[in-house]
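Below is one structure, written out as structure tokens, with a few remarks after it.
Readers should treat all values here as calculations from the given coordinates under stated rules, not as data from a laboratory. Quick caveat, the model's predicted, so the values are computed rather than measured. As a convention, Cβ positions derive from the backbone with ideal geometry for all residues, glycine included, and neighbour counts pool all protein chains shown.
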Amino acid sequence: MALQDILDRIAAAMAGTTDRGTVATYIPELARIDPGQFGIAVALDDGRVLSAGDAAVPFSIQSVSKVFMLAIALGRLGDGLWTRVGREPSGQAFNSILQLEMEKGHPRNPFINAGAIVVTDAVLAGRMPREVLAELLGFLRAASGDPGIHINEAVARSETATGFLNVALANFMRAHGNMQNPPERSLGVYFHQCAVEMTCVQLALAGRFLAGLPVSPPMLSQARVRRINALMMMCGHYDASGEFAYRVGLPGKSGVGGGILAVAPGRASVAVWSPGLNSRGSSKLGTEAMERLARETGWSVFGGAS
Ligand code: GLN
């Protein structure tokens, strides 16, 4: 079946699904999003972008931003970053503080909130928060080739006003000497990076460098891309990373806005969005759509169609 037909069928199936998960409510501004939406976009190695459903509707990328901030951090700091954050799956919820106490303020990986806050803190490195946000937007705009990508200030404010767990994580790490900047500064950047808005088409385009597809200018070395993919596979869905690897078989990163970015190395960058979440904080229909796409294309990195 042609890829466009596969996408159209997936979008039609998702439109007809009533059990759509639950929209994140702990960020008040996200609680207002209509759960009836679903979009999918695929950027291919030949430069085409195919899409279906609500692929042109902007959504809050939330934790998907952690992948791009990690790419910037590795570009700036290189492997020195790994003295501050680990590379192991946590098996815990994205906002858990449990291991952080046992492991003395050293987060397990860069995709749980504690790890992402450290990565952002490392990129900030005494600069002005707006400089780092401009760098992130510049990175996303260059990677996608779309100058229209922006931050939703209302979402950033909403999370700044209510993100007490993230404040706790940052202060906990500060107590253990693992924050270089005042926590409120690093958190200010973190809340704004989570509030970046993108469409599925923009996100699929921005993910091309992670899939090893041609992008001009090149965003990151292939050696680093390979490692980010490994981290996405092992940690990109928190305590459901094993489940995503089992069901989909592609490196991926989810966000509580309902977006998921996944890459089929050498073939495609895929973005899906549906705001209703499963119990682990990833898009319910988005995960189902990724599973179906991987099955029908045979794109799993572990080989074998179906
Ligand atoms: N901004 C969200 C938070 O920090 C991101 C979490 C997510 O998308 N998993 O809680």
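Partners of residue 284 within straight-line reach, counting lysines whose Cα lies under 24 Å from its Cα and excluding those fewer than 8 residues away in the same chain: 66, 253.
Every helix of 4 or more DSSP H residues in the chain counts as -39500 (n - 2.57), and over all residues that averages to -13500 deg cm²/dmol at 222 nm.
For segment 264-306, state which chymotrypsin sites (Phe, Trp or Tyr not before Pro) are in a DSSP loop and have at most 13 other beta carbons lying within 10 Å of their beta carbon. Qualifying residues, ordered by number: 302.
When both segment 13-39 and segment 197-272 are represented by their alpha-carbon centers, they are found 22 Å apart. Each Lys or Arg adds one and each Asp or Glu takes one away; over the other residues whose Cβ falls under 15 Å from the Cβ of residue 80, this sums to +3.
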